[in-house]
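Since the structure comes first, as structure tokens, the remarks are kept for the end.
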Amino acid sequence: MAAEQALTVLVAEDGAADRLLLAQIVRRQGHQVFTAENGEQAVALFVERRPQLVLLDALMPVMDGFEAARQIKALAGEALVPIIFLTSLNEEDALVRCLEAGGDDFMAKPYRAVILAAKIRAMDRLRRLQATVLAQRDEITRHHHYLLNEQRVAKAVFDKVAHAGCLAAPNIRYLQSPYALFNGDLLLAAFTPSGDMQVLLGDFTGHGLPAAVGAMPLAEVFYGMTAKGYGLAQTLREMNAKLKRILPVDMFCCALMLNLSVQRGSVEVWNGGMPDGYRLSAGGEVLSALVSRHLPLGVLAPERFDDSTEVLPLAAGERLLLLSDGVLDTADDQERLFGVERLHEVLAGNRDSVRLFDEVMQALERFGGRPRDDISLCDIRMFTADERVPAPMIYAERGRPSPLDWSLGFELRGDSLRRFNPVPYLVQLLQEIHPLRSRTGSLHSVLSELFSNALEHGVLGLDSRLKRDVEGFADYYRERARRLGALADGFVRIDLKVEPHAQGGRLMIEVRDSGAGFDVQQVLSRPAQEQCLSGRGVNLVRRLGSDAQWCEGGRCARVEFVW
Amino acid sequence: MAVETDFSQDGKKLTIKITGRFDFGKHQEFRDAYERQNDQPDSVVVDLKDATYLDSSALGMLLLLRDHAGGDEADVSVIHASSDVRKILAISNFDKLFDIS
């Protein structure tokens, strides 16, 4: 215990002899004493001198001790100013009144110095305990304010990064608690230059600042690479490598990433550690679950990371529902979890997928009532080509335009074909042609389309007609992965030629492959609908370029952009 | 004690047994269980027979153990996982890193 401390003590007693005696006893114990003759004087002295402890006679003229105790306690506020009643009253109810008026203890007359000293010490311990508790409470409050302020600032900075994308697009509906970031939840969405929408729902291990720290680099990689037109595999590889490098071993990020392609009528999915997402028909039927097949991001070394994705058909009006484990782990007052089964009941009961989001929220509310602050729920409707948002401009301004008379040949073989997507690099390069910048999206679409045609139908010899129905779709991508894995030789060659032309210029793109070619006349005469679904994308290429043709028996596609 | 350790007779296998919730509250105890050993075991077994619950920070702790035991070369197995615990391990695909039974 701390050394005994001198206190300031107020003694209120109407009997002059008792008052003197008491004051003397207390002074001898080393304390400073103020004296009052009645309750009114006691209250006035309390206001003036703020004593730390009060000895109060119960029965006094003008104002009795009970009233004085009430007023002094009210004036003292949160601080504990112990009041010891001095009383010759012996009836139980009088002693009870002393305590109920705010007294902390009482002492019967005649006074005994030893007992009084002990009581003052005991009251002083309580007083200091209360003071410590109050000081700690204020300290915690102050820290809490700092923390909230830091979070507010960090969130404002993060929002600038995170909302660089298209979460506000009309086909996305989502719920994230305002401070979901500090629970490690992350939702990002952006368009690629060719108008695909990429979405990522992530969940970092842990809470608070550590969980939020990894979100920033992840968002930067996501937006940077999406804007340059990188697909899922490369973006995921980069995010995984970055997180593996910067996060401690026990931290990682569960993530579900999507690429929605209107052009292909498909969604590409990679899920590492997130709960199942769902692919739904417009009528609310569950078409398939988007199951976690991978370790979360940031666990595996880059060379062991698995970027294999699934490609599923997704028509306009069909939807995807994504959720964080906060939804499934919502607990009711008996600590039961909402769980997958209850979610499945909601899914089974749904007849109109537009309403599903609300139905899930209502089910959570009915179930628990206890709102969690780490629920992320996201509903994405497959959009139509007309809804596409214009792609962002991604070039860096460098003053003078580059020369407009050059050519470039780029040939990919063997393992490079498996791993490398040249389109973002080439599009970056073509940004140097300033008059073409407004057509970046078109350039990206055309190059992507021609490159994947050359690879899939040319080098890998896949028949696009496989993709006509849902099973065919899955077969097609399974077969694509198999043949790509087994690929030993073959090439795709891209030639770019830029030359001045009249007042402007001309870009010629040629994409050649080592495949068997195709019957150009026959494919071009197929109905437009079929061409589009089966991925030749011939119409798209024709629409976007100034001129498009196929030659060399279908082994070479040639597209011109003129300005 | 909520985290118990036991060496096999030949000293080559360390068993760490978790009782109750396996979450961040056991962080220090769990680390001590494998860091404060004089001998380096060849293999580590995490026994979850009496573990009632496992959260994502427990997954992180398993990664720390795996890292300590040699990373990709580590021989770490997780045994007696309840069906709920197995589900959590399955969603995160931890069966690709640990031998789970």
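The values are calculated or read from the model by the stated rules, or taken from the named source; none is laboratory data. This is a predicted model, so every value here is computed, not measured. Heads up, the Cβs are rebuilt from the backbone with ideal geometry, glycines too, and the neighbour counts pull from every protein chain shown.
Observations on the model:
- Candidate set from region B:68-101 (those that are β-branched (Val, Ile, Thr) and outside any helix (DSSP H, G or I)); member that is farthest from B:ASP6 (Cα to Cα): B:ILE100
- A:GLY103 satisfies every condition listed in (1) part of a loop (DSSP other than H, G, I, E, B); (2) surrounded by fewer than 18 Cβ atoms within 10 Å (Cβ to Cβ) except (2).
- Selection count, region A:351-362, where residues are buried (at least 17 other Cβ atoms within 10 Å of the Cβ) and either modelled with pLDDT of 90 or more or among the β-branched types (Val, Ile, Thr) (or both): 4
- Only listed residue being in a strand (DSSP E or B) and either in contact (Cβ under 8 Å) with a residue 24 or more places away in the chain or of a type in the set (Lys, Arg) (or both), chosen from B:LEU14, B:LEU65: B:LEU14
- Residue match in region A:220-229 (condition: buried (at least 18 other Cβ atoms within 10 Å of the Cβ), more than 14 Å from chain B (Cβ to nearest Cβ), within 17 Å of A:LEU300 (Cβ to Cβ) and of a type outside the set (Phe, Trp, Tyr)): yes
- Restricting B:ASN38, B:ASN93 to residues that are crowded, with 17+ Cβ neighbours inside 10 Å and without any contact (Cβ under 8 Å) to a residue 12 or more places away in the chain narrows the list to B:ASN93.
- Within the option set A:ALA168, A:ALA215, being under 13 Å from the mean Cα position of the chain (by Cα) and away from every other protein chain (no Cβ under 14 Å) holds for one residue only, A:ALA215.
- First in region A:498-519 and surrounded by 19 or more Cβ atoms within 10 Å (Cβ to Cβ), second anywhere and among the aliphatic types (A, V, I, L, M) and at pLDDT below 85, Cβ under 6 Å, 6 or more apart: A:VAL498/A:LEU404
- Residue in region A:129-138 that is acidic (Asp, Glu) and outside any helix (DSSP H, G or I) present: no
- Residue count for region A:294-306, restricted to those that are surrounded by fewer than 16 Cβ atoms within 10 Å (Cβ to Cβ) and closer than 29 Å to A:LEU466 by Cβ: 0
- Candidate set from region A:288-332 (those that are polar (S, T, N, Q) and within 14 Å of another protein chain (Cβ to nearest Cβ)); member that is nearest to A:LEU484 (Cα to Cα): A:SER308
- Residues in region A:172-185 that are within 14 Å of another protein chain (Cβ to nearest Cβ) and not in a helix (DSSP H, G or I) were compared, and the one that is surrounded by the most Cβ atoms within 10 Å (Cβ to Cβ) is A:GLY184.
- Unique residue being among the acidic types (Asp, Glu), more than 14 Å from chain B (Cβ to nearest Cβ), surrounded by fewer than 23 Cβ atoms within 10 Å (Cβ to Cβ) and over 21 Å from A:MET197 (Cβ atoms) when the list is A:GLU335, A:GLU285: A:GLU285
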